[in-house]
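Heads up: the structure comes next, in C-alpha cells.
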Amino acid sequence: LAIKQSIAIDIEKTKAREAAGEDAMEDVDDEDPVPELTKAHFEEAMASARRSVTDVEIRRYEAFAQQMKNTGGSSFFRFPEAGENGTGANGGGNQFGEAGGDGDLYE
C-alpha cells in the first residue's frame, strides 16, 4: 500500500512538472514521498486481508504443537553422543569420512 501510494505521488509530481512545461526529469528529488509505514497503511491492508490457512491445517498445526509439547520435542531429533556416528571413516572425529582428510582441494 505504501509503495502504491509512493508511485501515485511520483506520477502526480511528474504530471505537474509536465503541465508546468518543465522537463520531467529536471529537479528530481531523491526524497521518499512515503518515508514510513503508518498505522493507517496496516489498517487498510488488514481490511482486505484474507486467511490463507484452512481450519484443517490449523488443527494439524495445533496437534503437532501439542505433541511436541508433550514429548519435549526430543523424540524427533537429538545430537549424537561423543563417538556415536560422528567419528568418521578414519576414527578421528572427521564428520566428512575419507573425503574430509584430502588436504588441499586443488592438489
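The values are calculated or read from the model by the stated rules, or taken from the named source; none is laboratory data. Just so it is clear, the model here is predicted, and its values are computed rather than measured. As a convention, Cβ positions derive from the backbone with ideal geometry for all residues, glycine included, and neighbour counts pool all protein chains shown. Surface accessibility is based on the protein's heavy atoms, side chains included, excluding ligands, DNA and RNA. Shrake-Rupley method; radii C 1.70, N 1.55, O 1.52, S 1.80 Å.
Values for this structure:
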{"item": "LYS13 being modelled with pLDDT of 65 or more and open to solvent by 100 Å² or more (accessible area, probe 1.4 Å)", "result": "no"}
{"item": "Residue selected from the range 39-54 under the condition assigned to a helix (DSSP H, G or I) and exposed (fewer than 10 other Cβ atoms within 10 Å of the Cβ), by the criterion nearest to the chain's Cα centre (by Cα)", "result": "MET46"}
